[in-house]
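One structure is given below, encoded as structure tokens.
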Amino acid sequence: MRLDRRLANLGYGSRRDVTRMLRAGRVTRVDGTPFARDATDPGEGVLVDGEPLDPRTLTLVLHKPVDLTCSHRDPGATVYGLFPARYSSRRPTLSTVGRLDKATSGLLLLTDDGALLHRIASPGKSVEKSYIADLDRPLPADAAARLSRGDLVLRGESTPCRPARLETLDELCVRLVVTEGRYHLVRRLLAALGSHVTKLHRERIGALTLPAELEPGAWRTASAQEVQDAQQPAP
Ligand code: URA
């Protein structure tokens, strides 16, 4: 592949933009020698303005703050605004692995690896997602048993939800572990049992816990181990 094409796929600009960058000598080898306009992609050792090229496959770990949506198309503030603008022009597209709603915070993965996204987000894969929910009133005493049966049908749906694991942390705070990704699933499951969720935070996907050093809005690329951990199916 030509280097200008790879740069365009990585979101550095249109083919015309990256040709201009190459002409201007902004794309160099590690020793500083500029690449020719029609250079072949050497695979390794390419710098843009002195910085290493973004990786071919990008997987990010984000501590999603509240008030941002996960949509590509939302006219308001989205999580994509937290990253360099070129990440939104990458081909293949960078997408969230499942979604957190606007009012939910916590662990969110983004990737341009479609197979990885499927392995984590597909209901058939049974990857656990663990949430901490604050409630407006205590749940009934049989809430954990009802959620664990896997026969709860949410309003407007025809198939029962998969079994979910409820742990009471205190009277108005619970941990709920689910293995599917239906729309507003946690809020709707808890609403079906009589409590309104006032605050929702995702703490874990598979065996990957939200890294403690990531403040709300902070992100970094995922390590190979983290990518592995996030795919771990439920025990
Ligand atoms: N369940 C919800 O209700 N909201 C989320 O963001 C994720 C799971």
Quiz prompt | Scope the stretch 121-154; condition closer than 19 Å to residue 184 by Cβ, among the hydrophobic types (A, V, I, L, M, F, W, C) and either assigned to a loop (DSSP other than H, G, I, E, B) or free of Cβ contacts under 8 Å to residues at least 40 places away in the same chain (or both); matching residues | solution = 139, 152, 153, 154
Self-check item: Only listed residue being over 30 Å from residue 230 (Cα atoms), at pLDDT 95 or above and hydrophobic (A, V, I, L, M, F, W, C), chosen from 61, 30
Solution: 30
Exercise. Name the single residue, out of those in the stretch 127-158 being among the basic types (Lys, Arg) and within 16 Å of the ligand (Cβ to nearest atom), that is modelled with the highest pLDDT.
Key: 129
Quiz prompt | Sole residue being under 19 Å from the mean Cα position of the chain (by Cα), crowded, with 16+ Cβ neighbours inside 10 Å, within 14 Å of the ligand (Cβ to nearest atom) and not assigned by TED's automatic domain parsing to the domain that holds residue 97, chosen from 197, 178 | solution = 178
Quiz item: Going by the conditions given, is residue 126 touching a Ser or Thr at 6+ places or on another chain (Cβ under 7 Å), hydroxyl-bearing (Ser, Thr, Tyr) and surrounded by fewer than 17 Cβ atoms within 10 Å (Cβ to Cβ)?
Solution: yes
Exercise. Go through the residues of the stretch 159-170 one by one and say whether even a single one is within 14 Å of the ligand (Cβ to nearest atom), under 22 Å from residue 66 (Cα atoms) and in contact (Cβ under 8 Å) with a residue 24 or more places away in the chain.
Key: no
Quiz item: Taking residue 129, is it closer than 23 Å to residue 206 by Cα and more than 14 Å from the chain's Cα centre (by Cα)?
Solution: no
Self-check item: Filter pass, residue 74 being in contact with a Lys or Arg (Cβ under 7 Å, 6 or more places away or on another chain), charged (D, E, K, R) and within 15 Å of the ligand (Cβ to nearest atom)
Solution: no
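Filter the stretch 170-203 down to the residues that are of a type in the set (Ser, Thr, Tyr) and in contact with a strand residue (DSSP E or B) (Cβ under 9 Å, 6 or more places away or on another chain) and list them by number.
179, 195, 198 - these are the residues of the stretch 170-203 that are of a type in the set (Ser, Thr, Tyr) and in contact with a strand residue (DSSP E or B) (Cβ under 9 Å, 6 or more places away or on another chain).
The values are calculated or read from the model by the stated rules, or taken from the named source; none is laboratory data. Small disclaimer: the values here were computed from a predicted structure and weren't measured. Here Cβ is always computed from backbone atoms with ideal geometry, including for glycine, and neighbour counts include all displayed protein chains.
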